[in-house]
Each structure stands twice: as C-alpha cells, then as structure tokens.
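Below you'll find the structure, written out as structure tokens, and then a few comments.
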C-alpha cells in the first residue's frame with residue numbers, strides 16, 4: 001500500500017474568469033498531520049472541497065491510497081474514507097446533536113443507539129458533547145466539536161479540518177490538535193487548513209503553502225520557520241500594519257460610552273448567563289474580554305452591542321454600535337446579497353428616510369479598496385468571496401459605519417497574517433480616534449496585543465484581573481487572583 005494516503009496532483013479549477021487553482025498539488029502521508037497554509041483567497045478551501053467531492057476539478061488527479069478516484073459528491077469521498085470539518089458549520093440549528101450526527105446516515109434513526117455511539121466516540125476522542133442538546137443552544141466551540149464527531153462517526157481515515165481552532169480557546173485548541181495527533185498515530189491522516197503558523201509548526205509533520213492557486217512550498221515542518229512560511233505565503237510582500245495616521249486624539253477617557261449596571265441575562269431555559277454585571281467602557285480605550293467558551297462572554301458582547309435583551313439591570317449604549325460577530329454567516333451577512341446590499345444592512349432597524357444607493361455603492365467601493373476585499377466590484381455576490389474576504393467586508397463595514405463604539409468577537413477569524421495585522425491596525429486607529437472598543441478573542445494573545453484593560457468572565461460573573469497571563473488564566477477559571 002502506498003505511503004501517501006491522499007494526493008492531489010496538478011489540480012486546476014476556474015470559476016468563470018477567475019482561476020482559483022492553477023496546477024495545485026499536495027501529498028498527505030499516512031500517519032501524519034499535514035498543514036495547508038496560504039493567505040486569504042489562495043485556494044486552500046477550494047482544493048480541499050475538491051478532495052471532499054464538493055467541487056469537480058477542471059483538470060488534475062485525485063489519488064486515494066494509490067488509486068485514482070473521481071468524486072461526484074461528498075458521499076463518494078466519505079465512502080473512500082475522507083471526512084471534512086468545514087470552517088462554516090453545516091449543522092441544522094433546530095435539531096439535536098444526535099439528530100445532526102445521524103443525519104445522512106443509513107437505516108432507521110434509533111435515538112438510544114445513536115446516543116450511546118456518540119457518548120462512546122466522545123469518550124474515545126475527548127470531544128465531550130450532550131447528544132440531546134439542540135445545536136442552536138450550543139456555543140460555537142461545542143458546535144465545532146459536533147462537526148468533528150460527525151465526520152469521525154463516518155469512519156473517516158483522512159480527516160480534513162478547515163480552520164478548526166478559529167473559534168476555540170487556547171486550551172481547547174491544543175486539546176483538539178493533540179486529538180488529531182492521536183488520530184494519525186493509529187494510521188489516520190489529518191489535513192489542517194490554518195492561518196496559525198505556530199500550530200502548523202508545532203503539530204504538523206508536513207506543510208504545503210499555496211499562493212494564488214499554486215503550490216509554492218512543501219516540506220517537513222521541522223525544516224520550516226515562521227519567516228520562511230510568511231515569505232512563501234506572501235511572495236516576498238512585506239506584512240504591513242501601517243495605516244494612514246489617525247493621530248491620537250485628546251479624547252477625555254472619563255467619557256463613558258458603554259455602561260452596564262447590575263445586568264442579568266437568563267436564557268430560554270431560565271439559566272442565568274450573566275449575573276449582576278457592571279462594566280463601563282470609555283471613549284478612546286479598548287477593553288478585552290477573556291473567558292472559556294460558554295461562561296457568558298457571548299451574552300456579554302451582545303448586550304454591549306445592543307443585540308440581546310436583558311432580564312434585569314440597566315444598559316446605556318449608543319443608538320448604533322458596530323458589531324463584528326464570530327459567525328459572520330449567521331449574524332453579519334446575507335450571502336446571496338451583493339457587497340453593496342450587505343453594507344446597506346449597517347444600522348438596519350434604526351435608519352430612517354430614503355436609502356441613497358449611489359452613496360452606499362461609493363462607500364462599498366471604498367471598503368473594497370481600503371480593506372483589500374478581493375471582489376471585482378460592489379455588486380459581486382458575497383457568497384462568491386472567500387471566508388477571509390467576507391470577514392474583511394464585515395470588519396470594514398462595522399468600523400467605518402460606527403461613530404462611537406465597536407464590539408468585536410474574534411475579529412481576525414479566518415484571516416491570514418497580513419490581513420490580521422491590517423485589522424488590528426484599524427481597531428487601534430478607531431480607538432485613537434476616540435471610539436470605545438470591546439474585543440473578545442479565543443486567542444488570548446490577540447486580546448493582550450490590543451486591550452489596555454482585561455475583563456474576565458466566569459460562570460456569568462465579571463472580574464478585572466491584572467494584565468498577566470497567570471492572573472487572567474486563574475480569573476477565567478474562577479480561581480482567586482493573588
């Protein structure tokens with residue numbers, strides 16, 4: 001049997017006049033973790049969708065265990081032992097975990113049997129979920145675990161993970177990648193699409209880099225460096241975080257822009273998610289939110305952004321608050337709308353009068369230019385953009401369309417190194433112009449890089465620890481901070 005579990009040879013794929021893949025190749029060896037890197041729009045997800053049967057290549061070969069294969073659908077790929085966990089979840093929100101995992105399977109649905117199988121798989125993989133929970137009630141990190149379990153339940157021997165750690169905490173990310181290592185130790189193969197170079201260097205055996213649809217670097221992780229990978233991804237372009245100088249304003253930081261007093265939030269089941277939370281965010285400052293998934297930060301951000309009703313307490317926020325949610329498909333974009341129409345959604349429900357489509361079209365063109373959104377024009381459908389370019393559109397719309405406050409939840413999710421640096425620069429410029437900013441990221445390093453104050457959320461309670469790793473970590477776990 002061939003040592004190569006999956007080979008994609010000279011794959012070309014065009015969408016109209018756009019060449020998404022131009023002779024791209026990849027070889028994933030059995031028993032290894034293979035990282036696939038590249039900037040936004042490089043073709044990483046397109047290449048893996050071809051491997052999973054979601055797209056048909058215009059030319060090139062798919063070779064599984066030494067055999068040439070042709071996939072007409074994902075079912076063909078699943079039958080060949082390939083599973084894929086998508087960056088944007090494919091779960092049915094109104095259904096339970098068990099129903100989602102069983103969906104697409106064969107035979108009669110037997111709830112007790114499926115439940116037992118899920119619990120056994122959870123124990124074996126360490127990916128704990130409640131089979132009876134509804135997807136819509138689960139935090140994003142738990143939904144990610146369901147997606148992985150669904151793929152593994154189909155006996156996948158080759159597991160493709162598209163940005164699997166983008167919405168996980170650092171601890172959850174390490175656990176997941178360690179589980180991937182365990183999978184390959186038993187003879188499986190994992191292909192990891194990621195923008196996190198450190199994850200690739202630490203957990204992968206081999207690395208392939210795509211740039212503009214072509215394979216430009218491949219080799220062992222042991223022989224790679226962050227500098228070499230960045231150079232391969234960007235083609236020698238400098239990672240540039242420079243912005244037009246916004247200039248630090250003389251904004252009085254005593255001006256409170258966002259304020260919560262004794263705020264409580266209960267979910268539909270009556271469970272208290274926020275407990276008497278009081279918080280003030282001032283003009284010209286960035287407050288970072290740190291917390292382990294499911295402890296109330298999701299609700300806190302939405303209350304601050306005016307997207308969630310409270311059970312008791314008092315909220316004082318501006319009429320329009322910019323909001324960058326972690327799930328752009330569910331909470332920020334309508335995929336079948338154009339870029340222009342999505343930009344017009346800013347402040348929906350508060351705008352009055354006649355919409356000037358000419359002005360919105362001009363605004364959209366400026367966002368495309370200033371935020372490097374890879375789209376032909378403002379009338380392009382959002383669905384045709386890569387995930388990273390969709391994110392850049394949302395970031396630009398919310399920052400440029402808001403005057404006084406911004407709430408950002410995993411703002412660099414799905415962005416490459418250069419785009420992340422640019423987004424960080426935009427957020428800092430917004431602060432320097434006097435905006436009050438609240439940011440949450442599952443990557444604590446990102447929070448510390450941007451925020452002057454850190455607020456930790458645990459079991460619905462809020463504390464403000466010192467800006468030190470150990471102190472923040474203890475506060476996130478509800479432990480005393482000395």
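Sorted fewest first by neighbouring Cβ atoms within 10 angstrom, 358, 463 come out as 358, 463. Shape summary of the chain, radius of gyration then Dmax from alpha carbon positions: 22.7, 69 Å. The length gained by stretching the chain between residue 334 and residue 88 to full extension, at 0.36 nm per residue less their Cα-Cα distance, is 87.2 nm. Quick check: the distance between the Cα centres of region 413-482 and region 64-139, to the nearest angstrom? Computed from Cα coordinates, the inter-centre distance equals 33 Å. Region 324-350 and region 1-60 have their alpha-carbon centroids 30 Å apart. Against the chain, whose longest principal axis is taken from its Cα atoms, helix 417-432 shows a tilt of about 10°. If you plug the beta carbon distance of residue 376 and residue 354 into 1/(1 + (r/R0)^6) with R0 = 41 Å, you get a FRET efficiency near 0.90. Please state the shape class of region 369-482: rounded when a/c is under 1.5, otherwise prolate if a/b exceeds b/c and oblate if not, all from the C-alpha gyration tensor. Prolate. Bridge orientation summary for the chain: considering DSSP beta bridges with both residues in this region, about 55 percent are antiparallel.
Relative contact order for region 4-234: 29 percent, from Cα pairs under 8 Å spaced at least 6 residues apart, divided by residue count. With contributions of -39500 (n - 2.57) from each DSSP H run of at least four residues, the per-residue ellipticity at 222 nm computed over the chain stands at -9500 deg cm²/dmol. Peptides 176-185, 297-306, 214-223 ranked from most to least packed give 297-306, 176-185, 214-223, packing being the mean of other C-beta atoms within 10 angstrom over each peptide's residues.
Extension gain for the segment residue 202 to residue 9, taken as residue separation times 0.36 nm less the Cα-Cα distance, is 66.8 nm to one decimal. For the chain, the longest principal axis of the Cα atoms and the long axis of helix 387-401 meet at an angle of about 10 degrees.
When the Cα gyration tensor is reduced to axis lengths a ≥ b ≥ c, the ratio a/c is 1.5 or higher for region 1-103, and with a/b not above b/c it is classed as oblate.
Protection proxy ranking of 112-124, 20-32, by the mean of other Cβ atoms within 10 Å over each peptide's residues and highest first, is 20-32, 112-124.
A quarter of the convex hull surface defined by the alpha-carbon atoms of region 4-234 gives 12.4 nm² as the mean projection.
Give the relative contact order (percent, whole number) for the chain; include only Cα pairs under 8 Å separated by 6+ residues. Relative contact order of the chain: 16 percent. Simple spin-label estimate for residue 308 and residue 116 gives 3.8 nm between the two label positions (7 Å along the Cα-to-Cβ direction from each Cα). The ranking of 440, 371 from fewest to most other beta carbons within 10 Å of each one's beta carbon is 371, 440. What is the helix-to-structure angle for 357-370, meaning the angle in degrees between its Cα long axis and the longest Cα principal axis of the chain, kept from 0 to 90 and rounded to the nearest 10? Roughly 70 degrees between the two axes. As a rough footprinting exposure proxy, the listed residues 3, 327 were ranked by other beta carbons within 10 Å of their own, and the order from fewest upward is 3, 327.
Would you please classify the overall shape of region 256-476 from the alpha carbon gyration tensor, given that a ≥ b ≥ c denote the square roots of the eigenvalues, rounded means a/c under 1.5, and beyond that prolate means a/b larger than b/c while oblate covers the rest? The shape class here is prolate.
Since every read-out is calculated from the coordinates, none of them should be taken as a lab result. This is a predicted model, so every value here is computed, not measured. Methodologically, a virtual Cβ is constructed for each residue, glycine included, from the backbone with ideal geometry; neighbour enumeration extends over all protein chains shown.
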